[in-house]
Amino acid sequence: MTKVVGVRFRTAGKVYYFAPGKLEIQQGDHVIVETVRGVEFGRVVTGIKEIEDEEVVQPLKVVSRIATSQDIEADQRNREKEREAFTICLEKIRKHELEMKLIDAEYTFDNNKVLFYFTAEGRIDFRELVKDLAAVFRTRIELRQIGVRDETKIRGGIGVCGRELCCNTYLSEFSAVSIKMAKEQNLSLNPTKISGVCGRLMCCLNNEQETYEHLNSQLPNVGDYVTTVDGMRGTVHSLSVLRKLVKVLVITDDDVKEIHEYKVDDLDFKNPKKKFKDFTDKKDSKEKRTPKDPKDNKAVDDMKDTVDRKFNKNTKDLKSGSETKQKAKNAAQNMTTILELEEATIIEHTNPMPHRHNEFRKKNKKNKNRHKGNKKD
C-alpha cells in the first residue's frame, strides 16, 4: 500500500497522484508539484489515503510544498497573462491565414511554457506561427490540437436538460458511448435529440446503462408471446422498463383484441436475454487456454542444450591451444556441420509436415515419369 494525495490542475480535469511526504495535506488545499510540463499549481481533491501499488504510476513524485498566499497571487497573475496570450495568438493566426480555431491558452506556474489549444479539420503547418509567438513571449511555445469533445469540456455550456455540461463539471475522463445504449434505453434515434453540444452522443447515456441492462434482462421483447396470470395468451405490445410493466395484446372470448397491462411477475414467458447473459458470464469465468508453443517442447530444449554444450567444449579446446591449426580448422568445420544437423533435426521435430510433403512430391514425380514413358512407347 502507498500513501498518496489526488491533485487536479483544471476544473473537472484528470486526478493525478502524488506522495504527500511529511506534509499534512488536507482536501481543498492548494499545492505546488513538479510534473512533466514543469512546476504546476494544483488543488487537492482527495486527501491522504492508501491505495494498491499497482494503481500508482511510477515514479511517484512528492508534493513540493503547500501553496502560500504569494503562490496563489502568482497563479492569478498567470490567469491574466493567459487572456493576453489568447488575444495575441488570435491576431497571429489571422495574420498567417491559418484554418484553425483557438480554444484556450495556458501558462505553466513557473512561466517556463505557454500552451495553446486549438481545433482544426486536418493537419496544420504552424511552424511560422510558433516562431512569431516565441519572438513575442520569449519562452517555450507548445500548440496542441484537440477534438470537439475536449473543446466543449474546456469551454463549458448548458445542455438540453438545462444544467451545466457533465464534462465541464464533474467528468474527469470521457467514457465510450454507442448508439446501442440509446436503443437499450428505448430512446429516439434522432441524432438531434441524443447528441450533445459537441455534436457527439451525450455522455449521460452511460449513466443509466447498467440499470437498463439489468431491467431489460428480466423483461420480454416486443412481439414475444406471453401467458398472463388470467390464463390468456397474447403478444407483447409495449414495455415500461423502469416500472416493470408490460402491455399485452390479447384476444378475449368474444374474439375482440384488447390491450391489458400486467406486471412482469404476472407473466409467463421464455427469456432468451437472461439465458444468453448467464452463458456469457460462464464463458468469461473460464480460463482461456493458450496453444502450446513449439519452443516449449522438451525435446527441442534438450536438443538446443546439447548443441550449446558441444559448442562450448570446442571453443574451450581452441582457446587452450592444445590443437594445431589444422585440427582447429577441422574442429570449426565439424562444429558448423553439427550445428546445421542439429538445427535441421529441431525443425523436422517441430514441423514434420514438410518432410511428408517432400515424399508426396517425389511420388507424384515418379508417376509423371511413368506416364511419359508410356506415351513414348
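Some notes on this structure:
- Test: residue in the stretch 2-25 that is open to solvent by less than 40 Å² (accessible area, probe 1.4 Å), without any contact (Cβ under 8 Å) to a residue 40 or more places away in the chain and over 27 Å from the mean Cα position of the chain (by Cα): no
- Failed item in (1) outside any strand (DSSP E or B); (2) touching a strand residue (DSSP E or B) at 6+ places or on another chain (Cβ under 6 Å); (3) at pLDDT 85 or above, with G28 passing the rest: (2)
- Scanning the stretch 173-192 for residues that are without any contact (Cβ under 8 Å) to a residue 24 or more places away in the chain and charged (D, E, K, R) yields K180, K183.
- Verdict on F86 being within 34 Å of the chain's Cα centre (by Cα), open to solvent by less than 80 Å² (accessible area, probe 1.4 Å), among the aromatic types (F, W, Y) and within 30 Å of V130 (Cα to Cα): yes
- Verdict on T68 being open to solvent by 20 Å² or more (accessible area, probe 1.4 Å), among the hydroxyl-bearing types (S, T, Y) and either modelled with pLDDT of 85 or more or touching a Gly at 6+ places or on another chain (Cβ under 8 Å) (or both): yes
- Filtering the stretch 76-90 for residues that are more than 27 Å from V31 (Cα to Cα) and free of Cβ contacts under 8 Å to residues at least 40 places away in the same chain leaves a non-empty set.
- Selection from the stretch 89-127 of residues that are surrounded by fewer than 16 Cβ atoms within 10 Å (Cβ to Cβ), assigned to a helix (DSSP H, G or I) and either touching a helix residue (DSSP H, G or I) at 6+ places or on another chain (Cβ under 6 Å) or at positive phi (or both): H96
- When the stretch 64-73 is filtered for residues that are under 37 Å from the mean Cα position of the chain (by Cα) and assigned to a helix (DSSP H, G or I), the ones remaining, listed by number, are D71, I72.
So that you can scan it fast, the table gives a plain yes or no per residue for (1) under 30 Å from T11 (Cα atoms); (2) in contact with a Gly (Cβ under 9 Å, 6 or more places away or on another chain); (3) outside any strand (DSSP E or B):
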| position | (1), (2), (3) |
| --- | --- |
| A176 | yes, no, yes |
| N186 | no, no, yes |
| V197 | yes, yes, yes |
| E210 | yes, no, yes |
| V226 | no, yes, no |
| D254 | no, no, yes |
| H260 | no, yes, no |
| K270 | no, no, yes |
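- Output for the stretch 231-251, where each listed residue is without any contact (Cβ under 8 Å) to a residue 12 or more places away in the chain and part of a loop (DSSP other than H, G, I, E, B): G231, R243
- Among the numbered conditions (1) open to solvent by less than 40 Å² (accessible area, probe 1.4 Å); (2) within 23 Å of Q76 (Cα to Cα), the only one that G147 does not meet is (2).
The values are calculated or read from the model by the stated rules, or taken from the named source; none is laboratory data. Since this is a predicted model, take the numbers as computed values, not measurements. Positions of Cβ are generated from backbone atoms using ideal geometry, with glycine treated the same way; all protein chains shown enter the neighbour counts. The accessibility values were calculated without ligands, DNA or RNA, using every heavy atom of the protein model including side chains. Shrake-Rupley method; radii C 1.70, N 1.55, O 1.52, S 1.80 Å.
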